[in-house]
Every structure is written in C-alpha cells, then in structure tokens.
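S.K.: Here it is, the structure, as structure tokens.
The values are calculated or read from the model by the stated rules, or taken from the named source; none is laboratory data. What you see is a predicted model, and the numbers here were worked out from it, not measured in a lab. Reconstructed Cβ throughout: ideal geometry from the backbone, glycine too, with neighbour counts over all protein chains shown. For accessibility, only protein heavy atoms count, side chains too; no ligands or nucleic acids. Shrake-Rupley method; radii C 1.70, N 1.55, O 1.52, S 1.80 Å.
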Amino acid sequence: MSTTIDHHASTTARAVVVPTDGTVEAWVAEVAALTQPDDVVWCDGSEVEKQRLLDEMVDAGTLVRLAKRERSYLARSHPSDVARVESRTFICSERQEDAGPTNNWRDPRLMGRELHAVFAGSMRGRTLYVVPFSMGPLGGPISQVGVEITDSPYVVASMHVMTRVSRDVLALIDAGHEWVPAVHSVGAPLGPTDTDVAWPCNDTKYIAHFPESREVWSYGSGYGGNALLGKKCFALRIASVMGRDEGWLAEHMLLVRVTAPTGRRYHLAAAFPSACGKTNLAMLQPTLPGWSVETLGDDIVWMRPDDDGALRAINPEAGFFGVAPGTGVDTNPTAIATLEHDVIFTNVALTDDGDVWWEGLTPEAPEHLVDWTGADWTPGSGRPAAHPNSRFTVAAAQCPSIAPDWDDPAGVPVDAIVFGGRRATNVPLVTQAFGWDHGVFLGATISSERTAAAEGTVGELRRDPFAMMPFCGYAMPDHWAHWLTMGDRLNPARLPAVFQVNWFRKGAGGRWLWPGFGENSRVVAWIAEQVDAAHHVRPDAGAVDSPLGRVPAPGALDVDGLGLPAADLAELFHVDRAAWRHEADLTEAFFAELGHVPDRVRAQLDALRARLTP
Ligand code: GTP
Ligand code: SPV
Ligand code: MN
C-alpha cells in the first residue's frame with residue numbers, strides 16, 4: 001500500500017520553477033521570469049475588481065454583455081476548447097504505481113522540464129494575474145487555500161464566482177498555512193503587432209498535477225475544468241491525495257439537506273459522473289408534500305471524521321459551474337431562478353433581444369438565434385444552438401434553495417452517501433447497500449454512459465468508480481482502500497448508509513421509465529426512511545433484499561399520483577440475473593486491469609455472484 005511511503009518528502013521541491021524561498025512573492029517572481037508577462041496584477045477578490053475585468057472583456061470582444069439579464073455575460077470559446085481533455089490530464093507522482101493504471105502518469109522531473117519549455121514566454125503580451133483563493137470558508141477546519149496564476153481574465157472572473165478570492169489568503173500563508181500553487185496559461189503569447197482573439201488557447205494542452213509537491217500546471221485551455229484550477233485540479237485531484245495522506249475525503253459529490261414532514265433533517269452526499277444529475281438533485285424541488293431540500297453544494301464535497309466519529313462535510317466551492325442544456329422551468333426551476341442576474345454563460349446561444357437560450361430552456365426554440373459558434377441559427381439548422389457542454393457560472397449565494405448555513409466552516413454530518421450513473425439498463429432505480437463494504441463496492445463499480453462533459457464518444461458505457469475516474473489524483477484501488485479505512489474509523493452509530501440510484505433506465509423505444517427531476521424526491525424520501533431504520537428510529541419494514549442490495553418493499557416507495565404504470569415500476573427494479581452475471585464478469589475484468597483491488601472489495605464481488613446464483 002502506498003500509505004507507507006512519505007508523501008511529503010518533496011513538498012518544498014517545486015516541479016517547474018524553484019523559488020528562492022517558500023513565499024508567494026518569490027514563487028510569483030519565478031513564474032513571471034519564466035512566462036514573461038507585460039504586467040503582474042495581484043487580485044483582491046473585490047466586486048470592483050471583478051466588474052472592471054468584465055468590462056474590459058466586453059471592450060475586448062471576449063464577452064457579450066446581455067441586454068436582457070442584469071450584469072450577465074456570454075463567452076464563446078474556441079470551437080476546439082469546450083470540455084475537459086482527459087487525454088492531456090497528467091498525474092506526475094514520484095512513483096507510477098501511485099498514479100495507478102487509469103491516470104496518465106508522467107515522471108515529475110521530465111514533466112517539469114517539458115512544462116518549463118512550453119511556459120517559457122507563454123504570457124508575453126498579456127497580464128499575469130495572481131489570484132489567492134480559499135476552498136471552503138477561509139481558515140475553516142476542513143478548508144484549504146491556494147494561489148492561481150493565470151493570464152486569462154475570464155479565468156479570474158470565474159474564480160471570483162467559484163471560489164473565495166481574498167488577500168486574507170496571503171496572510172494565512174504568511175502565517176505558515178500550507179498552500180497549493182497553481183499556474184495557468186492559455187498558451188497564446190502576443191507579439192507587439194498581434195491583435196488578440198476572443199478566446200485564446202493552444203492546440204497543445206497540459207493539465208498537469210504534482211501530487212507530492214501539491215502543484216498544478218495547466219496550459220493551452222481556457223475551459224472551466226482545465227483552467228479554473230481551484231475546481232477539479234485542486235479540489236479533487238490534489239485534495240484527494242491530501243485526503244489520502246491526512247485521513248479525509250475529497251469527492252465528486254453534491255451535498256444537500258433534506259427535511260422530512262416530521263422535521264427530521266438528513267444530509268446526503270451523492271456522487272454521479274459528469275453531466276449525470278448532481279446539480280439537478282442539489283436543487284431538487286420535492287413533489288412530495290411536506291418534504292424540502294436545501295442546497296449545500298453541487299459538484300465537490302470534502303469530508304472529515306469529527307470528534308464524534310461522524311463524517312463532516314463542506315462544499316469547498318462558492319459557485320456553480322453547471323450544465324445549461326436540459327435546464328428549464330419544468331426540470332430545474334431553482335437553477336432558472338438562480339440565473340436571473342450576475343451570470344457568466346459559456347457556449348450557449350444568444351437571442352436577438354440580447355438574452356441566452358439553450359436546448360431544453362423552453363419547449364420551442366426561438367425563430368432566430370446566434371449559436372454558440374457565433375453563426376446564425378434557426379430551428380431548421382439541424383444542429384444544436386448551444387454546445388451540449390455549455391455552462392453557467394453563478395454564485396451559490398444567489399440560489400434560492402441555498403441553505404442559510406451553507407458556508408458554515410464546520411460543515412454538516414453526512415447521513416447517507418448515494419452513488420449514481422446513467423444506465424439505460426440493469427441498474428435499478430434505487431438500492432441500499434447491505435453495509436459499508438458493499439457500499440464501497442457499489443461506488444467502485446459505477447459505470448455510466450459517456451456525456452459531453454469530456455472528450456470521447458457520447459453514450460459509450462465506461463467505468464467511473466465513485467464518479468472519480470477522471471478526478472482521483474492517485475490509484476483508484478488505493479482510493480477504495482482509503483474509503484474502507486475511513487469506514488473503520490467512523491463511529492458505527494454515525495456511519496452513513498450507502499445507496500445506489502439510476503434515474504436513467506429506459507423502456508421500449510428508448511423512453512425514460514422514471515420521470516426524474518422533482519419526482520426524485522420520492523426516492524430521496526425512501527432513502528431518508530432507510531437512514532432512520534439504520535439508526536433504529538423506525539423498524540426496517542421499508543426494504544427487502546434483492547441480489548443487488550436492499551430495495552423498497554412493496555408499497556414503500558411512494559408513487560402516488562405519478563400515474564406510473566405497474567409494468568414500468570416493475571421494470572425499474574427488475575434484476576435480470578443473466579445480465580448481472582455478465583456485469584459481474586465485466587467487473588472481474590475491470591478489477592484485473594486495475595491490479596491490487598482490496599480483498600474486502602473483491603469479497604463483495606464474490607458475495608454478489610453468490611446472491612445471483614439461483
Ligand atoms: P457536472 O457539472 O458535469 O459534474 O454535471 P452534473 O452531475 O451536475 O449534471 P447536471 O445536474 O447538470 O445534469 C446533466 C444533465 O442530466 C442535464 O441535461 C439534466 O437535464 C439531465 N438530468 C438531470 N437529472 C435528471 C433526471 O432525474 N432525469 C433525467 N432524465 N435527466 C436528468
Ligand atoms: C465535470 O465535468 O464534472 C464538471 C465540469 O463539473 S468541469 O469543471 O469542467 O470539470
Ligand atoms: Mn463535475
């Protein structure tokens with residue numbers, strides 16, 4: 001196991017530049033000497049600073065100011081720079097086995113040299129912005145800080161929304177707090193006579209992570225997940241390694257508080273792969289009377305055991321970088337209300353009266369639009385007006401369902417962990433794990449149909465354990481071992497119950513079997529009832545065993561008033577044993593590819609096979 005080696009051995013040895021001392025000033029000076037910007041600007045995170053940057057970007061043609069939406073803007077990316085690039089995402093750990101077989105590993109020294117070469121002069125003709133930021137409330141017990149250097153004002157304005165940008169971060173670092181240095185360049189230097197383009201980027205891209213020195217170097221892309229380095233690069237890839245070393249968890253999860261008609265409160269953390277429904281569940285408006293949901297986070301959760309042995313969770317972000325297509329008043333009215341003002345939209349369509357539009361915003365498309373590429377568009381154009389991975393960037397604080405205590409540094413105790421994916425077949429609407437180890441197995445074996453959030457073929461089935469395949473900064477099987485250890489450390493009376501959900505099962509002709517969205521509250525209510533049963537608050541009458549886990553007992557899932565045909569309900573929970581024996585074989589093959597899968601996870605596969613045997 002990798003936990004026996006000293007992961008801090010090279011904390012002070014930086015990968016690409018070697019500052020004269022550990023200060024931010026020395027590091028900025030070294031990066032500036034390498035990248036050769038025209039100016040260096042230290043950001044303070046103020047509203048004035050953000051507005052100035054936005055105004056400058058409007059003047060420069062990078063942003064379109066939306067006439068119909070207060071203080072809101074549209075950015076159109078270069079058509080090649082629309083999503084995460086997993087093929088150019090690197091984990092540069094000292095030892096290849098620490099990165100594991102599912103990450104692109106590079107030797108840190110070789111990558112350091114390669115990056116030194118591409119970053120040399122990469123900011124010529126541009127401004128280098130220094131962005132000190134906190135992930136989580138500044139100074140909180142679960143929070144962390146970093147400093148991003150970037151030559152993109154779009155990135156600075158987006159970081160203002162997505163993180164807590166503040167000069168106070170620098171004081172914390174001066175006082176000795178650990179910090180993550182993160183360098184970003186669009187990789188498009190300007191000569192004295194060059195004119196800039198709206199979205200500078202480079203065909204050559206690097207999204208490089210140095211887990212031991214806790215550094216990020218990103219080159220060539222302006223897209224969110226590649227460029228807003230506090231987000232996936234720090235809060236997941238680097239933070240997952242910090243969590244492994246320090247005994248906490250950094251996960252690709254939403255976080256909500258559910259309140260039952262009884263007044264009892266439950267905190268749910270749910271991991272679904274990219275573009276598989278986290279933001280939607282985070283902003284759920286329950287259709288079940290008497291239930292309510294408050295939003296705490298929609299993409300990333302950091303969790304730590306507290307003194308009670310409960311798992312305490314915060315959302316380290318301060319905003320939402322959400323998928324636009326499919327977001328409408330019928331599906332996610334809360335998101336629509338969140339987006340009324342102060343939004344940066346990227347790659348959506350522009351209406352003739354200066355507003356935004358995307359597929360699913362309204363049932364009918366407007367007669368005429370300017371599409372995400374800047375071209376004229378009509379409903380007959382035969383192509384989407386908004387890019388399938390077009391996004392909105394908006395402050396969490398302006399979400400109407402945000403919990404009043406959403407930025408409490410202490411976080412909330414997690415009662416249930418939910419894993420999900422996009423599966424047209426096999427995976428039931430909801431199942432409960434038999435215990436923690438089975439829950440880890442459910443997380444480890446998530447597979448999901450690919451979405452537009454990353455490069456690749458949309459719809460293709462791929463394994464995405466814990467929805468962390470693209471985001472874990474170390475070997476996936478070590479991540480599962482870490483989860484097992486975390487379970488052992490928690491107070492058994494506070495141990496979260498674990499569930500698997502699938503909103504995406506399809507029936508004949510490819511129609512959704514489950515209405516989804518607000519109706520998912522019915523599943524959430526069953527989950528809450530099972531949490532009560534696990535804590536002996538109520539008898540465990542709501543569930544029966546299936547080969548895959550505990551499923552709702554007849555009548556326990558409230559489907560009143562849905563008009564759901566009995567055959568559809570049966571199909572949503574149908575377990576095709578032959579298909580599942582095949583799934584078990586695929587899991588076996590997947591484990592073989594990964595190598596040293598923990599015995600306790602392997603034992604769960606054996607147990608599944610035994611349950612599938614008639
Ligand atoms: P990332 O930001 O990429 O991590 O994605 P996410 O997991 O937050 O996904 P999001 O909630 O933005 O949903 C992505 C797509 O799935 C949108 O087009 C939604 O409309 C659709 N979706 C979300 N929930 C449901 C559901 O319950 N049923 C169906 N059919 N579609 C859903
Ligand atoms: C995802 O792809 O899971 C996202 C968007 O949440 S990005 O921040 O680009 O990774
Ligand atoms: Mn995500």
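S.K.: Inspect the range 226-242 for any residue being more than 16 Å from ligand 3 (Cβ to nearest atom) and open to solvent by 10 Å² or more (accessible area, probe 1.4 Å) and give the result as yes or no.
M.R.: no
S.K.: Check whether at least one residue in the range 46-64 is of a type in the set (D, E, K, R) and not in a helix (DSSP H, G or I), and report yes or no.
M.R.: We begin by selecting, within the range 46-64, every residue of a type in the set (D, E, K, R); these are 47, 49-50, 52, 55-56, 59.
The next check asks that each one be not in a helix (DSSP H, G or I); those that pass are none.
So far as the range 46-64 goes, no, none of its residues is of a type in the set (D, E, K, R) and not in a helix (DSSP H, G or I).
S.K.: Somewhere in the range 509-531, is a residue assigned to a loop (DSSP other than H, G, I, E, B), touching an Asp or Glu at 6+ places or on another chain (Cβ under 8 Å) and of a type in the set (D, E, K, R)?
M.R.: Looking for residues that are assigned to a loop (DSSP other than H, G, I, E, B), touching an Asp or Glu at 6+ places or on another chain (Cβ under 8 Å) and of a type in the set (D, E, K, R), one finds none in the range 509-531, hence no.
S.K.: Here is a further query. Tell me whether the range 173-184 contains one or more residues that are open to solvent by less than 20 Å² (accessible area, probe 1.4 Å), out of contact with any strand residue (DSSP E or B) (no Cβ under 6 Å at 6 or more places or on another chain) and within 23 Å of Arg84 (Cβ to Cβ).
M.R.: Scanning the range 173-184 turns up no residue that is open to solvent by less than 20 Å² (accessible area, probe 1.4 Å), out of contact with any strand residue (DSSP E or B) (no Cβ under 6 Å at 6 or more places or on another chain) and within 23 Å of Arg84 (Cβ to Cβ).
S.K.: Ok, one more. Could you tell me which of the residues Asp245, Asp306, Asp299 is within 13 Å of ligand 2 (Cβ to nearest atom) and open to solvent by 10 Å² or more (accessible area, probe 1.4 Å)? Please lay out each step first, then the result.
M.R.: Working: Asp245 fails: within 13 Å of ligand 2 (Cβ to nearest atom); Asp306 fails: within 13 Å of ligand 2 (Cβ to nearest atom).
After applying the criteria, what remains is Asp299.
S.K.: Please list, ordered by residue number, the strands (runs of 3 or more DSSP E) wholly in the range 380-465 having 1 or more residues that are touching a Cys at 6+ places or on another chain (Cβ under 7 Å). Can you show your working first?
M.R.: On the way: elements: 391-395, 416-420, 430-432, 447-449, 461-463.
Answer list for the range 380-465: 416-420, 447-449.
S.K.: Output the residues belonging to the range 156-170 that are of a type in the set (Val, Ile, Thr) and either without any contact (Cβ under 8 Å) to a residue 60 or more places away in the chain or part of a strand (DSSP E or B) (or both). Give the derivation first.
M.R.: Of the residues in the range 156-170, the ones of a type in the set (Val, Ile, Thr) are 156, 161, 163, 165, 169.
Across the range 156-170, the qualifying residues are Val165, Val169.
S.K.: Still on this structure: Quick one: is Phe272 of a type in the set (A, V, I, L, M, F, W, C), within 16 Å of ligand 3 (Cβ to nearest atom), open to solvent by 10 Å² or more (accessible area, probe 1.4 Å) and at pLDDT 95 or above? Steps first, please.
M.R.: Working: of a type in the set (A, V, I, L, M, F, W, C): yes; within 16 Å of ligand 3 (Cβ to nearest atom): yes; open to solvent by 10 Å² or more (accessible area, probe 1.4 Å): no; at pLDDT 95 or above: yes.
Here the answer is no, as Phe272 does not meet what is asked.
S.K.: For the range 292-326, give me the residue count where each residue is within 12 Å of ligand 3 (Cβ to nearest atom), assigned to a strand (DSSP E or B) and of a type in the set (Asp, Glu).
M.R.: 0
S.K.: Could I ask something else about it? Quick test for you: out of Gly411, Gly456, pick the one residue that is on the phi > 0 side of the Ramachandran plot and modelled with pLDDT under 95. Lay out the reasoning, then the answer.
M.R.: On the way: Gly411 fails: modelled with pLDDT under 95.
Going through Gly411, Gly456 in turn, just one is on the phi > 0 side of the Ramachandran plot and modelled with pLDDT under 95: Gly456.
S.K.: Could we say that Ser72 is modelled with pLDDT under 95 and surrounded by 14 or more Cβ atoms within 10 Å (Cβ to Cβ) here? Outline the logic, then answer.
M.R.: Working: modelled with pLDDT under 95: no; surrounded by 14 or more Cβ atoms within 10 Å (Cβ to Cβ): yes.
So Ser72 fails the test.
Here's the yes/no breakdown for (1) open to solvent by 60 Å² or more (accessible area, probe 1.4 Å); (2) modelled with pLDDT under 95:
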site	(1), (2)
Asp540	yes, yes
Ala543	no, no
Gly563	yes, no
Leu572	no, no
Arg581	yes, no
Leu612	no, no
